[in-house]
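Notes for the one structure printed next.
Nothing in this text is a laboratory measurement; each read-out follows from the coordinates by a stated rule. Source: prediction; values computed, not measured. Glycine also receives a Cβ, built like all others from the backbone with ideal geometry; neighbour counts cover every protein chain displayed.
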Amino acid sequence: MYNNIKIFVLLSILSVWSCSVSEDYSLGNLTPPSNVVIEADLVGKTADLPNGDGSGDVAFTIKADNALSYRIDYDASDALSLVNLPTGKITKKYTKLGTNTYVVTAVVFGAGGTSTTVTKEVTVLSNFIPDPTIINNLTGGSSKTWVVDASVAGHFGVGEWNDNVSTPAWWSANINEKVGCCNCFYTSTFKFSKTASGYTLDVATPDGAFTKTGALAGGLPGIPGSGDEGCYAYSGGSSAFSFIPSSTGVAAAAPSTKTAILLSGTNTFIGYGALKKEYEIMVISPTYMYLRAQGTETGNAWYLKLKSL
């Protein structure tokens, strides 16, 4: 009797299972987003100022039918970097000086991972006049030379590249930490000059440039393609630079001056030997400068403390 009950239960389970596995499932129609539109409202745009008021601010709105999420890339001329837009809306500040045209890419995702991509050209005017105190502190009114300050802790640091983070939380250098391996980090000089035609940076590296090689060196001339962190022969260089509104969203209370140094050319750098373009000025006085730059490793922010000579 007991065995008969077991057999009956087993047959019942198999019957239910056979019915369940034979059912058909449907995901429905996977319709990709349609009617995708990028709206770009230039702040201060008028008939007389068709490219905006010079702030560089553009309010973007992405609209689409059957949309579940939105991504946007602000400039097709550099590496594709899609930013998530939970609401399809954001205000972007373009910092390249003058009137420039950018190809903006929007990717809208729908059901089942379907997506639709559209592009739009946006022409934006960016004018920027930095605080005269920043200019005077950096250049001394004519020229001033700076070096990485080995005598203070945190003269070099790494943290997360995030608008809500403004400290080198991951790692921070001790006093004189690189003297033994890479004293060139402290002997390289960076002279910022104000001229009648603009601003120039002269980099001198008597003991070489402190850097890692390959991609981390960012393409600085003469740096080999492989090797560990160290001092590498580098002849230095000179280039123009400009002041721009910092492109990050770090708050002024972080602190940040909301002003950045933008280097031109391919042969200058500040502090660490990498071909970085934008260095946000967090703090500056006549004798002290604290900089933040996007690291060459994805997601990293570098911090540098320099002193004037």
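Shown here: the range 34-126, whose C-alpha atoms stretch 44, 27, 18 Å along the first, second and third principal axes, sorted largest to smallest. With 19 Å as the limit on Cα-Cα distance, the pairs of LYS63/LYS92; LYS93/LYS144; LYS93/LYS194 that go past it are LYS93/LYS144; LYS93/LYS194. Residue separation of SER143 and THR101 scaled by 0.36 nm, minus their Cα-Cα distance, works out to 11.8 nm of gained length. The label-point distance for ASN162 and VAL179, in a model that sets each label 7 Å from Cα toward Cβ, rounds to 3.5 nm. With q set to 0.07, 0.11, 0.12 Å⁻¹, the log10 of I(q)/I(0) for the chain, from the Debye formula over equal scatterers at the Cα positions, is -0.40, -0.77, -0.88.
Take every Cα-Cα pair in the range 132-308 and report what % of them are more than 31 Å apart. Of all Cα-Cα distances in the range 132-308, 7 percent exceed 31 Å. Of the trypsin sites (Lys or Arg not before Pro) found in the range 220-309, no site is in coil according to DSSP while having at most 15 other Cβ atoms within 10 Å of its Cβ.
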